[in-house]
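All remarks here apply to the structure that follows.
Each reported figure results from applying straightforward, stated rules to the coordinates on display, with no laboratory input. The structure presented is a predicted model; accordingly, all values stated were derived computationally and were not measured. When we count neighbours, we look across all protein chains shown, and the Cβ atoms used for this are built from the backbone with ideal geometry, even at glycine.
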Amino acid sequence: MEVVPLEMACDWDEEAIAVAIESAQSLMEFDPDGARQLLAQAQAAERKRGKVSRVGAKEPYDPARLYARMCRYYKGWTPRDIDAMHFVTFFAMVREASIASEEEQAE
């Protein structure tokens, strides 16, 4: 499994990591892909803080790739716009973009 470089991981405190994990767990049933991405981000934040991650994310969180994908999908978005968003909002937008993309491919 590829590991997110520590310099790219979020600078979340313990509370933000706990909120992200809790949010991801509650989203898992409805949005497994978004939940896994959020868990991977929490895992990277924990590693950056020097903790052994307790999160079992299947795919590594690659913020640069995800930012690029969302900026391409939501034309006009910049990384600064994404950084200003609440992470739950951002991952909800990621989920919606994924759903729309899958629907377009199915047509």
Original post:
If you rank ILE99, ILE17, ILE82 by fewest surrounding Cβ atoms within 10 Å, what's the result?
Top reply: ILE99, ILE82, ILE17
**OP:** Run the quick spin-label model on GLU107 and ALA16: label points 7 Å from Cα toward the beta carbon, then report their separation in nm to one decimal.
**Re:** 3.8
